[in-house]
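Peer 1: Quick one: the structure is below, and I'll ask about it shortly.
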Amino acid sequence: MKIDKITLIIGASCLALIALVLFQARWMQHSRALLEEQFNNKVAMALCSAVESLKEDPSGQEAKRSCALVGNQTTNCCQELEALAGSQSMQKALDNAFDFYKLPLNYQAGIQPRSSRLEEIPPNSCSLQPLLESNQHLLSVDFPEKEEYVLEKMSFMLGSSVLILIFISLVFLLANYTLVRQKQAKQRNTEFFNHMAHEFRTPLTNIALASRLLNKEQPALGESRFFQVIQRENQQMMQQVERVLHLAELEDGASALRLEEADLEKLLQQSIKDMGVRIQASNARILLTSEISSPLILGDTFHLANAFRNLIDNALKYSRGTPEIRIAISKSQENILVNFQDNGVGISPEGKSFIFKKFRRLSYGNPGMEKGFGLGLSYVKRIVEMHKGMVRVISEIGKGSQFELALPALKK
């Protein structure tokens, strides 16, 4: 199933937006964890600083003496530590420490026995060992407003991230909406163009049929210059219409290649013969050479012949003076190369970048040279690629052009 570029772009942009949202959420989660870690480290340092300052305070010295005399696990020691936790000295020491570390939060302080299991040590705690002789008690605090504090610290980061994501989402929706509208407009234009080509083909076919019947009934009319102009222009218009319809069928997948063994030299000879009138009218000289005896490939002779005629037609259109076209067949590894060389006006580097795109025509500053619909080379590239080959152009302004087609050789 063929996926067009616009659908691919929309799908890729959706995945990119989802990835961006997930990455942003992960980044915010990581930032929050980092802020909480920094907060816990500041609290631990503030608690240890408060305990250190209580060593010189009378209430702290009193608690140290009491616990040293009666032992750390006695009721009297616990009562002294509880009194120390609720004392003005402890509150002042904690307030000073929290102010120093810029932690302006309400807190609840307490002293509790230390568990022998490491994982049960509260995160916001510090040992009283600098104050007491043993390491059996911890000074711990609880912050009821910790969540609000962390979210407030993240408010700018969170708000800016949300705004950026909203902005990117709006741009994404607008861009995709525009792409969808362009896709719909392109589809409508293509359908109209193809329908118009179908409508043109019927009267052009009737004109061709009528001119042949008229020429058969009145052979003298065939020598008339005006009658020849009618036939020539009708044939040229029919070729343009057929190009549009063939390219539309290929893009829609309605036309599959009918592969068969094909001799490229004979196919080129037939293509040159089919364009005999056009070549004769341009006084062109065409030289066909082949380095191999039987340049066989597996291909669709109908579409390949159309592609060859398109290349010859382009060489005739953009020629300078008498057109000279050299067609050379050679072999390179597993490919057969068909080289079309002309003495035309050449192609600029800018022109080579879009020459194979639909509806793009080369401009030489002369509107009279901008001929056709810009479909011939697009059709050539499409047909060659469907044959698993490739086409390239070598050209300079004023030095003619070379179109080289590489097609897989038939494996015997």
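Peer 1: Pick from the stretch 98-123 the residues that are assigned to a loop (DSSP other than H, G, I, E, B) and modelled with pLDDT under 80: which of them is nearest to the chain's Cα centre (by Cα)?
Peer 2: Filtering the stretch 98-123 for residues that are assigned to a loop (DSSP other than H, G, I, E, B) and modelled with pLDDT under 80, the one nearest to the chain's Cα centre (by Cα) comes out as P123.
Peer 1: Would you mention how many residues in the stretch 272-289 are buried (at least 16 other Cβ atoms within 10 Å of the Cβ) and either at pLDDT 90 or above or of a type in the set (A, V, I, L, M) (or both)?
Peer 2: Residues meeting the conditions: 5.
Peer 1: Pick out the one residue from R360, R382 that is charged (D, E, K, R), within 20 Å of A307 (Cβ to Cβ) and at pLDDT 80 or above. Let's see the steps before the verdict.
Peer 2: Numbers: R360 fails: at pLDDT 80 or above.
After applying the criteria, what remains is R382.
Peer 1: Is there any pair linking a residue in the stretch 387-403 that is in the same structural domain as E334 (by TED's automatic domain parsing) and assigned to a loop (DSSP other than H, G, I, E, B) to one that is of a type in the set (S, T, N, Q) and surrounded by fewer than 16 Cβ atoms within 10 Å (Cβ to Cβ), with Cβ under 8 Å and at least six apart or on different chains, and which?
Peer 2: These pairs meet every condition: I397/S348.
Peer 1: In addition: Answer yes or no as to whether V229 is in a helix (DSSP H, G or I) and touching a helix residue (DSSP H, G or I) at 6+ places or on another chain (Cβ under 9 Å). Give the steps one after another, and end with the answer.
Peer 2: Values: in a helix (DSSP H, G or I): yes; touching a helix residue (DSSP H, G or I) at 6+ places or on another chain (Cβ under 9 Å): no.
Taking the combined requirement at face value, the residue does not satisfy it.
Peer 1: Restricting attention to the stretch 136-182, which residues are surrounded by fewer than 13 Cβ atoms within 10 Å (Cβ to Cβ) and among the small types (G, A, S)?
Peer 2: S155, G159, S160, listed by residue number.
The values are calculated or read from the model by the stated rules, or taken from the named source; none is laboratory data. This one's a predicted model, so the numbers in the text were calculated from it and none came from an experiment. Positions of Cβ are backbone-derived with ideal geometry, glycine not excepted, and every protein chain shown enters the neighbour counts.
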